[in-house]
Amino acid sequence: FQGPPHGIQVERDKLNKYGRPLLGCTIKPKLGLSAKNYGRAVYECLRGGLDFTKDDENVNSQPFMRWRDRFVFCAEAINKAQAETGEIKGHYLNATAGTCEEMMKRAIFARELGAPIVMHDYLTGGFTANTSLAHYCRDNGLLLHIHRAMHAVIDRQRNHGMHFRVLA
C-alpha cells in the first residue's frame with residue numbers, strides 16, 4: 001500500500017472550499033430508505049449548506065436500495081444542489097462489495113457518474129481489495145475515503161487484537 005495519494009488540500013481543491021471546516025454528514029436512517037428517498041435526503045443536506053454527505057458503512061446493496069440506483073439518485077442530487085447553490089458538492093459512495101470485481105464495477109460506475117470520491121470499508125472489504133481500489137482511484141483522479149467499520153472487534157480490547165495504528 002503506497003499510502004494516501006491525497007491529503008485534505010486536494011479535497012479542498014476538488015470542492016473549492018478554503019478557510020473553514022468542511023461540513024458533512026452521514027445520511028440517516030442508515031437503512032430503510034428507497035434509493036429515491038435516499039437521494040432526496042442527500043439533496044436536502046447539500047442544498048441546506050453541507051459540502052458533502054456520505055453513505056453509512058451498512059449502506060451497500062440491499063433489496064430495498066440497490067447500489068446502482070443509489071449511485072444514480074445521489075449523482076442527481078449532487079448535480080441539482082450544485083446547480084442551485086453554485087458550489088461544488090460531493091457524496092461518499094460506498095463501493096465496498098463481496099468481491100474485488102464487484103467493488104471495481106462500483107468505483108468505475110461512480111467515476112462515470114462524475115463522483116469525486118468513493119468510500120471503502122477496508123476491514124470488511126479486505127486489505128488487498130483496498131489496495132486495488134486505492135490504485136484505481138490514484139490512477140483515475142478519484143478521492144478514496146477509508147471507513148473503519150468492524151475495527152472495534154479488533155482493537156478495543158486490552159487482552160486481544162491489535163492497536164488501531166497498526167490497522168491504519
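Miscellaneous remarks
- Residue identified as at pLDDT below 90 and part of a loop (DSSP other than H, G, I, E, B) among R158, R165: R158
- Count - residues of region 100-148 that are within 12 Å of the chain's Cα centre (by Cα), over 19 Å from R66 (Cβ atoms) and β-branched (V, I, T): 2
- If the condition is being under 20 Å from P116 (Cα atoms) and aliphatic (A, V, I, L, M), then region 1-51 contributes I8, V10, L15, L22, L23, I27, A35, A41, V42, L46, L50.
- Within region 10-25, considering residues that are touching a residue at least 12 places away in the same chain (Cβ under 8 Å) and either loosely packed, with under 12 Cβ neighbours inside 10 Å or not hydrophobic (A, V, I, L, M, F, W, C) (or both), the one nearest to I146 (Cα to Cα): E11
- Number of the condition not met by L123 [criteria: (1) touching a His at 6+ places or on another chain (Cβ under 7 Å); (2) modelled with pLDDT of 85 or more]: (2)
- Test: residue in region 43-51 that is touching a Lys or Arg at 6+ places or on another chain (Cβ under 8 Å) and charged (D, E, K, R): yes
- A residue that is closer than 20 Å to D139 by Cα and not in a loop (DSSP other than H, G, I, E, B) can be found somewhere in region 15-38.
- Region 51-79 - residue that is over 13 Å from the mean Cα position of the chain (by Cα), at pLDDT 95 or above and buried (at least 19 other Cβ atoms within 10 Å of the Cβ) and, of those, nearest to R12 (Cα to Cα): D51
- Hey, G7 over 23 Å from A134 (Cβ atoms) and exposed (fewer than 15 other Cβ atoms within 10 Å of the Cβ) or not: no
- Positions within region 26-57 being free of Cβ contacts under 8 Å to residues at least 60 places away in the same chain and under 22 Å from T124 (Cβ atoms), in sequence order: T26, I27, K28, P29, K30, L31, G32, L33, A35, Y38, T53, D56
- Residues located in region 98-139, provided they are over 18 Å from V59 (Cβ atoms) and of a type in the set (A, V, I, L, M): M104, I108, A134
- Condition check for K89: charged (D, E, K, R), more than 19 Å from D13 (Cβ to Cβ) and touching a helix residue (DSSP H, G or I) at 6+ places or on another chain (Cβ under 7 Å): no
The values are calculated or read from the model by the stated rules, or taken from the named source; none is laboratory data. Keep in mind the model is a prediction, meaning the values are calculated, not measured. Because the Cβ atoms are built from the backbone with ideal geometry, glycine has one as well, and the counts that use them run over all protein chains shown.
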